[in-house]
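Report on one structure; see the data block that follows.
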Amino acid sequence: MKETSTTSDPLLETSHGTRFDAGSTLDSLIDAELPSLLATYMQLHAMPELSGQEEKTSALLAQEFRSLGYAVTEGIGKYEHHSWPGYGIVALLQNGAGPTVLVRADMDALPVEEKTGLPYASQLRGINRDGKEVAVMHACGHDVHVAVLLGTARLLARLKGAWRGSVVLIGQPGEEGGGGAQAMLNDGAYELCPQPDYALALHSTLRLEAGSIGYVPGNFMASFSELEVTVRGVGAHGSAPEFGKDPILMAAQLILALQSIVSREKSAFDPAVLTVGSVHGGTASNIIPEEVKLQLSIRTYDDRLRDRILASVERIARGVALTAGVPEDRAPVVTLKASHQANYNDPDLTERVARALKQALGDERVNRSEPVMVSEDFGSWGLGGRIPTCMFWLGGADPVQFRASQLTGVSLPSHHSPLFAPLPEPTIRCGVKAMSAAVLDLLAR
Ligand SMILES: [Zn+2]
Ligand SMILES: [Zn+2]
């Protein structure tokens, strides 16, 4: 920082046009904000809300954004399939002519019973989409994302002298299979702000040490499609299967046959995963039931491959029914329950963000990672490739546990585990610094 200003406030120096030293300026601002960000993080962790029910989290973010001077619109993203109001937030901070950067955090938690034993562990229970009471936990780290977005909002509001353009902050509901991003877009999220030139997000992970970042140019996370297959038969007495058509036997054949799609119907160079994750049918050992319900998830990077796999599932399900002699009016029903596209990290944007993060955090803390077949609906914000997007990993593992895990080969808890617990201080510090540095680079004066 040059000593040309008459004040020692680095923010005023930047607004007078002197050189902006992102690293040290961000550090001193984060030091000041960290105690309250950590308190908010622990509050969020203790009050997880299921997908589509993020009322309190959304209100907390909206109030903070407003107090920082952002123009806030609440209630975006009413769900097509549910009666819940949308709890999405679009917050806009305009600061002269320049590009627009979107930063998104997802807000929802999961039906998981927390077993971390942390003093701020969730004790909450909620009601899921089927009306059942379930334990609720932030087992995917979305509370970290919300706290980081809040910290980034504060820093960007304080550092207006160092950037120009517009910042759009998104508090997104319903990431966990709920299609919250698409719901917000369908509800006009992009009519509330200039269309972004870049869209950014991060996801916490225990696969990296707290205080470090992983980035993946190109294919990063797979697309996701959720199918429900109802295998319909004809009910009968268990002693006389010849009078019925057994959907349990058909479901068993179908499960095996579906695995031939990935192994036999596509190139080995084109990644895909098909998982049958749920099978429900029947009530007693001596009854041939009327139907069996299967739930499947399908992941690919390529949309055409995804469409081919979806068509294959339908074809094979019908083929199994045909082989069993099921009448046409009892043919299987295949329903697409949810889908969202892959996360493709625009290579130029990702390399640029990685350079900015290396500058802010140091080369050794920012490293390339490998693509994964897990899915995330952040990619929807890119409108099918029209807006370059970049999502990066934010390491959250306790360094001591991380090194022990490297030595023993026993991995730390994965996302959605009841033991998922990022180490708050270094994770949030690094997340706020990384995201702020990325935005400041994209909107540099
Ligand atoms: Zn998740
Ligand atoms: Zn997640």
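Given R₀ = 45 Å, what would the calculated FRET efficiency be for Ala71 paired with Ser414, taking r from the Cβ atoms and rounding to 0.05? With R0 = 45 Å, the Cβ-Cβ based efficiency is 0.75. Packing order of peptides 92-102, 390-400, highest average first: 390-400, 92-102 (average count of other Cβ atoms within 10 Å over each peptide's residues).
Listed values for the range 271-276 are Karplus-derived 3J(HN,Hα) couplings in whole Hz (6.51 cos²θ - 1.76 cosθ + 1.60, θ = phi - 60°), namely x, 7, 9, 10, 10, 8, and x replaces Gly and Pro. Per-residue extension of 0.36 nm, minus the Cα-Cα distance of Asn186 and Glu242, leaves a gain of 15.2 nm for this segment.
A protection proxy built from the mean count of other Cβ atoms within 10 Å ranks the segments 146-153, 183-190, 24-31, 250-257, most packed first, as 146-153, 183-190, 250-257, 24-31.
Per residue, the convex hull around the alpha carbon atoms of the range 85-203 comes to 115 Å³.
Remind me, relative contact order of the chain in percent, using alpha carbon pairs under 8 angstrom and six or more residues apart? Each step should come with its number before you reach the end.
On the way: 1006 pairs, mean separation 99.6, N = 445.
It comes to 22 percent, rounded to a whole number.
Simple spin-label estimate for Asp303 and Ala252 gives 4.1 nm between the two label positions (7 Å along the Cα-to-Cβ direction from each Cα). When restricted to Cα atoms, the chain yields an Rg and a Dmax of 24.3, 94 Å, respectively. In the calculated pair-distance distribution of the range 230-304, the portion above 19 angstrom amounts to 45 percent of the Cα-Cα pairs. The HN-Hα couplings worked out from phi for the range 280-292 by the Karplus form 6.51 cos²θ - 1.76 cosθ + 1.60 (θ = phi - 60°) are 9, x, x, 10, 7, 5, 10, 10, 8, x, 7, 7, 10 Hz, whole numbers, x standing for Gly and Pro.
Given their separation in residues at 0.36 nm each and the Cα-Cα distance between them, Ala268 and Ala97 gain 56.8 nm when the chain is fully extended. Its alpha carbons give the range 180-307 an Rg and a Dmax of 21.6, 67 Å.
Among all helices in the chain defined by DSSP H, which have a length of 15 Å or more along the axis from Cα atoms plus a Kyte-Doolittle mean of at least 0.0? Walk me through the numbers on the way to the answer.
Values: long enough: 22-46 (33 Å, 0.48); 55-67 (18 Å, -0.55); 142-158 (24 Å, 0.78); 247-264 (25 Å, 1.42); 303-324 (32 Å, 0.05); 347-361 (20 Å, -0.31); 424-442 (27 Å, 0.52).
Span-like helices, by this rule, are 22-46, 142-158, 247-264, 303-324, 424-442.
Histogrammed with a bin width of 5 Å, the alpha carbon distances of the range 340-445 distribute as 2, 11, 17, 20, 21, 17, 9, 3, 1, 0 percent, first bin at zero. In this label model, Arg125 and Asp329 are separated by 4.4 nm, measuring between points 7 Å along each Cα→Cβ vector.
Once the C-beta distance of Arg445 and Lys115 is scaled by a Förster radius of 41 Å, the resulting FRET efficiency is 0.25 to the nearest 0.05. Amide H contacts under 5 Å for Asp106: Gln172, restricted to partners 5 or more places along the chain or on a different chain, H placed in the peptide plane at 1.01 Å from N. Under the simplified labelling scheme, the Glu133-Ser405 pair shows an inter-label distance of 3.3 nm, with each label point 7 Å from Cα along Cα→Cβ. Rounded to the nearest 20 debye, the dipole magnitude of the chain is 520 debye, with +1 charges on Lys and Arg beta carbons, -1 on Asp and Glu beta carbons, and the Cα centre as origin.
Any read-out appearing in this document is the output of simple, stated calculations on the displayed coordinates, not a laboratory observation. These numbers were taken from a predicted model, which means no experiment stands behind them. Glycine gets a Cβ as well: all are built from the backbone with ideal geometry, and neighbour counts include every protein chain shown.
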